[in-house]
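Structure, as structure tokens:
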Amino acid sequence: MKISNYWQQIKVSHKDVVKALIFVLLAFFITLQINLAELLTEKLSKYEKFQLDEIPFLLLFIAMALAWFAWRRVIEQKKEAELRLIAEEKSTRLLIENRSLTQHILKVQEFERLELARDLHDDIGQYLLAIRLDASSLTNDGDADSHPARRILSNAGHIQNMAKSLMRRLRPAPTNSKNCIDGIQLMVQEWLERQPNINVILSINESVRFFSDQTLEKDEDFIELISVTIYRFLQEALTNIAKHAQANQVEISLDIVKKNLSSDVKHLCIEIKDDGKGFDTQVATSIGMGMIGMRERISAVNGEYLLRNNSPTGLVVCAKIPIKYMSSYL
């Protein structure tokens, strides 16, 4: 029993050496029993003119050449394995650096969104309001609709509505899970106002609202990054649906699930389903950059991005973000 356990603990290469030695010893004892050298000499003596008695030496030299060739190949394989390991380490390091760079770019992007929204509100919004007030003072109730002042008033109102829509899209993303859920609900409500013909089913597990309070790392940057990521991810998904899907119904779910029963790692999962026309080559050409942006956001937080066709029609966009979480709600 001990020998069996010891044999199982030996490396495979060492086992092969033992097996080779046993084979050589067995072959040697067999040749001793049958007097192989004398037997070959006797059998081949009649063919002396063909020098067949030299064949054993030829076979020995071939075996030595094959051993040398195999040794050279082993050395090459070892060097290739070392180079592959170095390349993998370099690739891993570059991937980490790329994710850090992506996170930095996303933070800069959020700051630029905030600045742009503030400029739209403080500068353009104020000037548009002044234009509308001046145009109103130039019109009378009896004037025709074609009066230039009324056209100015109408155009300024249209631009002001566009500016408000842009400000809503540029609105700073919530930076914690509680505000993120409230922000998502408000975003969906505003999206429905612009898309009244689409029915939206929003399902958010209560555990998601409190995951920032339960995060073991207590890392505010980590919580902020995830909150901004899922908010912008859903915002981009809804924008794509409005532009391309031609859907009648959208289902949005947000939940925290365990990776497996034996692991403490959990995933924050967000899934968006629609019953639109699905994903084809023409749609991929027009919304490819949006999809790439969504994938990059999820990759920046070590998440998994999934895209598949819904059954029977439509598209399913899903993201799974790993988080450390103490469960008191699951």
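All of the numbers you see were taken from the coordinates with simple rules; none came from a lab. Computed from a predicted model, the values in this text were never measured in an experiment. Because the Cβ atoms are built from the backbone with ideal geometry, glycine has one as well, and the counts that use them run over all protein chains shown.
Listing for the model above:
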quantity: Greater than 21 Å apart at Cα, pairs in Lys90/Lys320; Lys266/Lys320; Lys277/Lys320; calculated: Lys90/Lys320; Lys277/Lys320
quantity: Inter-site label distance for Phe57 and Val257 at 7 Å from Cα along Cβ, in nm; calculated: 7.4
quantity: Residue-count net charge about Ile270 - beta-carbon cut-off 9 Å; Lys, Arg +1, Asp, Glu -1; calculated: -1
quantity: Inter-site label distance for Asn197 and Lys79 at 7 Å from Cα along Cβ, in nm; calculated: 6.8
quantity: Charge context of Asn310, other residues only, Cβ under 10 angstrom, K/R +1, D/E -1; calculated: -1
quantity: Ordering of 157-166, 266-275 by packing [mean C-beta count within 10 Å, highest first]; calculated: 266-275, 157-166
quantity: Per principal axis, descending, Cα span of the range 62-102 in whole Å; calculated: 58, 8, 5
quantity: Ordering of 303-310, 17-24 by burial proxy (mean other Cβ atoms within 10 Å per residue, highest first); calculated: 303-310, 17-24
quantity: FRET E, pair Glu89, Glu304, Förster distance 30 Å, beta-carbon r, rounded to 0.05; calculated: 0.85
